[in-house]
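Novice: I'd like to ask you about the structure that follows.
The values are calculated or read from the model by the stated rules, or taken from the named source; none is laboratory data. Bear in mind that the values here come from a model prediction, so they are computed numbers and not experimental data. Please note: Cβ atoms are built from the backbone with ideal geometry, for glycine as well, and neighbour counts cover all protein chains shown.
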Amino acid sequence: MIRPLSLTAYRALSARKPPTGIAVAGPRPDRPVIWFHATTDLRAAALLDLADRLQSNRPELPVLLTFDRRELTGPRPASHQGNVYEIPLDGDHPGAVTEFLDHWRPAVGLWTGGNLMPNLLSTADARGVPLILADIDESGLGREVLPWLPDAERAVLRVFRRVFALDIATFTRLQRIGLPSDSLQVAPRLQDSLAPPPYPEEELTETGETLAGRPVWFAAGLCASEAVGLLTAHRQTVRLAHRLLLVITPADGFDRSTLHALLDGAGLRYADWDPGDPIDEFAQVLVACDPDSPALWFRLAPISIMGGTLSADEDPTIHPFIPAALGSAILHGSHTGPFAASYERLAQAGGTQLVRGAQHLGDVVLRLIQPEESARMALAGWDVVTEGAWLVDRLSDLVQDFYDKTETADETA
């Protein structure tokens, strides 16, 4: 393959810099890896989800996730867990590129977003590594310069065998750059698509009938530091919505007896509840400590407040896509911790509501117990969770297909 002038010039200039930015040290598998690269926290989460999906069917497949620390907001230290490897990849020196490819031996590469590394990608392509580009928009296509002298980042786009553009405008520009139309496709944004936990249908129906039409909201993974504000909000709402039921699953470390004492102090009638128990029609709060309770109540409660987000003392432990996938409108505080990018995505679509203080929380709950209000928010959340599902399926198929073809070619070489 003849290297474009812009890539040749870029390679010569970058070779003058110190060879830093690509890590090769550490353990590696005894076979070629599936290589994913992330440029944002949300993409990193989506790629790890894709890795889980691949390895649930084929646990022998090793996955390497590289990431640009200049772009990811959350810390991603180098790690090695099972068959998934994570390392930073911040530079594009030709020497370091060669060491990286020699060490990890990728059989297929999936790059997400822009910030392309021309030396790395063109060298991988020259070695026969099939490359896929997803989650790309016009901001990642490089600079507009003279058509006979494109910059290196635009020139290297031609190495990708499949490209999934975020919109028609990007698709059109990629065609003008010279990518064949049959390698291009418009696709939604890549995001993690967590499978919600299952729950027995018979028990779900039985519990729903036991509620007898009572409005209900659910506090999932509530932390001790959040309880007083939440109970204050519920006490406020039951004055106007007398049959409203609050179900609480306390977070790990939030002792049930401590929660009971807070409920007594708030003057709320409560009962401990396990699956299959009757629901006291006079109870204003149910305390559900069974580990399967969230899977049930995310399905039954049209409104869910996410514990761990209302106080800075502890991080949330439940991904917001789980209640969104199960049809519950999501309320949360400002401390979204490791799920910040997912909360932001839901908020942009209208699938969540940020609450500030007990008074505001009570007002929001009173509004959302109107079925049309909570349904509108739940539908928006559902759309976010499901919009990229077909893309994840398509990428999973492509990656496995390219991987198998590369391995077969290596074995027969």
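Novice: For region 274-284, check the following and say yes or no: at least one residue is crowded, with 21+ Cβ neighbours inside 10 Å, on the phi < 0 side of the Ramachandran plot and not aliphatic (A, V, I, L, M). Outline the logic, then answer.
Specialist: Narrowing region 274-284 to residues crowded, with 21+ Cβ neighbours inside 10 Å: 284.
If we keep only those that are on the phi < 0 side of the Ramachandran plot too, we end up with 284.
Still in the list and also not aliphatic (A, V, I, L, M): 284.
Looking for residues that are crowded, with 21+ Cβ neighbours inside 10 Å, on the phi < 0 side of the Ramachandran plot and not aliphatic (A, V, I, L, M), one finds at least one in region 274-284, hence yes.
Novice: Moving on to the next point. List the residue pairs whose Cβ atoms are under 8 Å apart, where the first residue sits in region 183-197 and is in a loop (DSSP other than H, G, I, E, B) and surrounded by 14 or more Cβ atoms within 10 Å (Cβ to Cβ), the second is at pLDDT below 90 and among the polar types (S, T, N, Q), and the two are 6 or more positions apart or on different chains.
Specialist: Close Cβ pairs satisfying both conditions: Gln191/Ser342; Asp192/Ser342; Ser193/Thr386.
Novice: What are the residue pairs meeting all of these: first residue in region 159-179, first residue within 23 Å of Gly128 (Cβ to Cβ), second residue polar (S, T, N, Q), Cβ atoms under 8 Å, and 6 or more apart or on different chains?
Specialist: Val159/Ser122; Phe160/Ser183; Arg161/Ser183; Arg162/Ser183; Arg162/Gln185; Val163/Ser183; Val163/Gln185; Phe164/Gln185
Novice: Tell me the residue from Ala241, Ala224 that is of a type outside the set (S, T, N, Q), in the same structural domain as Asp290 (by TED's automatic domain parsing) and more than 21 Å from Ala329 (Cβ to Cβ), please.
Specialist: Values: Ala241 fails: more than 21 Å from Ala329 (Cβ to Cβ).
Answer to the check: Ala224.
Novice: Hey, another quick one. Can you find, within region 380-394, the residue that is farthest from Phe164 (Cα to Cα) among those that are hydrophobic (A, V, I, L, M, F, W, C) and either out of contact with any strand residue (DSSP E or B) (no Cβ under 9 Å at 6 or more places or on another chain) or at pLDDT below 95 (or both)? It would help to see each step written out before you state the result.
Specialist: Pass one, region 380-394, residues hydrophobic (A, V, I, L, M, F, W, C): 380, 382, 384-385, 389-392.
Okay, now just the ones that are also either out of contact with any strand residue (DSSP E or B) (no Cβ under 9 Å at 6 or more places or on another chain) or at pLDDT below 95 (or both), so 382, 384-385, 389-392.
On the way: Trp382: 22, Val384: 18, Val385: 19, Ala389: 14, Trp390: 12, Leu391: 9, Val392: 11 Å.
Per the criteria, the residue is Trp382.
Novice: A further question on this structure: Would you point out the residue of region 84-120, among those that are among the small types (Gly, Ala, Ser) and assigned to a loop (DSSP other than H, G, I, E, B), that is surrounded by the fewest Cβ atoms within 10 Å (Cβ to Cβ)?
Specialist: Looking at the filtered set, the residue picked out is Gly114.
Novice: Hey, can you tell me all the residues within region 155-177 that are of a type in the set (Ser, Thr, Tyr) and over 18 Å from Arg189 (Cβ atoms)?
Specialist: Here is the first cut: in region 155-177, the ones of a type in the set (Ser, Thr, Tyr) are 170, 172.
Answer for region 155-177, where residues must be of a type in the set (Ser, Thr, Tyr) and over 18 Å from Arg189 (Cβ atoms): just Thr172.
Novice: Can I ask one more? Would you mention how many residues in region 235-292 are among the charged types (D, E, K, R) and either under 16 Å from Leu222 (Cα atoms) or assigned to a strand (DSSP E or B) (or both)? Walk me through how you get there before you give the answer.
Specialist: Pass one, region 235-292, residues among the charged types (D, E, K, R): 235, 239, 243, 252, 255-256, 264, 269, 272, 274, 277, 280-281, 290, 292.
Filter again for either under 16 Å from Leu222 (Cα atoms) or assigned to a strand (DSSP E or B) (or both), leaving 252, 255-256, 272, 290, 292.
Residues meeting the conditions: 6.
Novice: Consider Asp363 against the criteria (1) at negative phi; (2) exposed (fewer than 15 other Cβ atoms within 10 Å of the Cβ): it satisfies all of them except one. Which criterion is unmet?
Specialist: (2)
Novice: Give, as residue ranges, the helices (runs of 4 or more DSSP H) completely inside region 307-406 that count at least 3 residues that are touching a Lys or Arg at 6+ places or on another chain (Cβ under 9 Å). So that I can check it myself, show each step before the final result.
Specialist: On the way: elements: 321-325, 340-348, 357-368, 371-387.
Counting at least 3 such residues, we get 371-387.
Novice: If a residue must be under 21 Å from Tyr343 (Cα atoms), among the small types (Gly, Ala, Ser) and surrounded by fewer than 18 Cβ atoms within 10 Å (Cβ to Cβ), how many such residues does region 384-398 contain?
Specialist: So the count comes out to 1.
Novice: Go through region 327-345 residue by residue and tally those that are modelled with pLDDT under 95 and either among the hydrophobic types (A, V, I, L, M, F, W, C) or more than 20 Å from Trp217 (Cβ to Cβ) (or both).
Specialist: Here the count works out to 8.
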